[in-house]
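For reference, the structure discussed in these notes is given below.
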Amino acid sequence: MSTLTGKQVADAGLDGWTFLLGALHTRIRTPDFAAGLALVAAVGAEAERVDHHPDLDLRYTHVDVRLWSHDAGGVTGRDLRLARTISALAADAGLTVSYAGLSRLELALDSPEHAAVLPFWQAVLAGERPDGPGAADDEVRDPAGALPTVWFQSSGRDEPRQRWHPDVWVDPAEVRPRMEAALAAGGTLVSDAEAPHFWVLADPDGNRVCLCTWQGRD
């Protein structure tokens, strides 16, 4: 089963869904906990029927949904189909799907030799190395999916250098407002040379963060 690129997902026209870090995401606002619980039950019943199960995060005011095909290592056609079904279930309940405000966080450790430090972080985080199709050899993931993925970026040894930086993955439509808010809060744009892959921003103390999107990636 072939996986889809970010552009292919965008071309599918899934209103209210976004493609972040190899998965489909949406947030469904609910008026109360009972409405969210009822929606989760409806989604769960459909997931059992089609034997394809999303990650669901039930909160008092919303339900977050994450969809990807574990056996294929990314988003496939069956994820698109289930996303449309979930949108329909939400609509039947008088609710709407939206990616507004959604983001996914990765932590990047800049290291001149990641093979030397990766086992340490895997141990202290009780993490696992990804396997399967397209698996990266420079990541440590939380098996439960609760903690951010840590990935290791090659860097030089010159000092001073920033070891850690966060990568914040957002829908392309979210980049401009977040960047404008960050600049208004005293930040600076360090580089947009890799846009629309990512933009590098820094806080007033010079600590850097990347705003990342699927655009321009396979």
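Structure notes:
- Region 59-69, subset touching a residue at least 40 places away in the same chain (Cβ under 8 Å) and not small (Gly, Ala, Ser), residue farthest from residue 1 (Cα to Cα): 65
- Within region 116-128, the presence of at least one residue that is charged (D, E, K, R) and either open to solvent by less than 50 Å² (accessible area, probe 1.4 Å) or in contact with a Pro (Cβ under 6 Å, 6 or more places away or on another chain) (or both) is confirmed.
- Note on region 120-200: enclosed strands (runs of 3 or more DSSP E) holding 1 or more residues that are in contact with a His (Cβ under 8 Å, 6 or more places away or on another chain) are 149-154.
- Helices (runs of 4 or more DSSP H) contained in region 4-105 and holding at least 3 residues loosely packed, with under 14 Cβ neighbours inside 10 Å: 33-50, 77-92
- Exactly one residue out of 143, 160, 133, 177 is within 30 Å of residue 205 (Cβ to Cβ), at pLDDT below 95 and not acidic (Asp, Glu): that is 160.
- Of all residues in region 183-208, those being within 22 Å of residue 18 (Cα to Cα) and open to solvent by less than 80 Å² (accessible area, probe 1.4 Å) number 6.
Listed here are the residues, each with its yes/no results for (1) in contact with a helix residue (DSSP H, G or I) (Cβ under 8 Å, 6 or more places away or on another chain); (2) aromatic (Phe, Trp, Tyr); (3) closer than 22 Å to residue 71 by Cα.
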site	(1), (2), (3)
21	no, no, yes
26	yes, no, yes
31	no, no, no
36	no, no, no
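The values are calculated or read from the model by the stated rules, or taken from the named source; none is laboratory data. Treat the numbers as computed from the prediction; the structure is a model and nothing was measured. With ideal geometry, Cβ positions are generated from the backbone for all residues, glycine too; neighbour counts draw on all protein chains shown. With ligands, DNA and RNA removed, areas are computed over all heavy atoms of the protein, side chains included. Shrake-Rupley method; radii C 1.70, N 1.55, O 1.52, S 1.80 Å.
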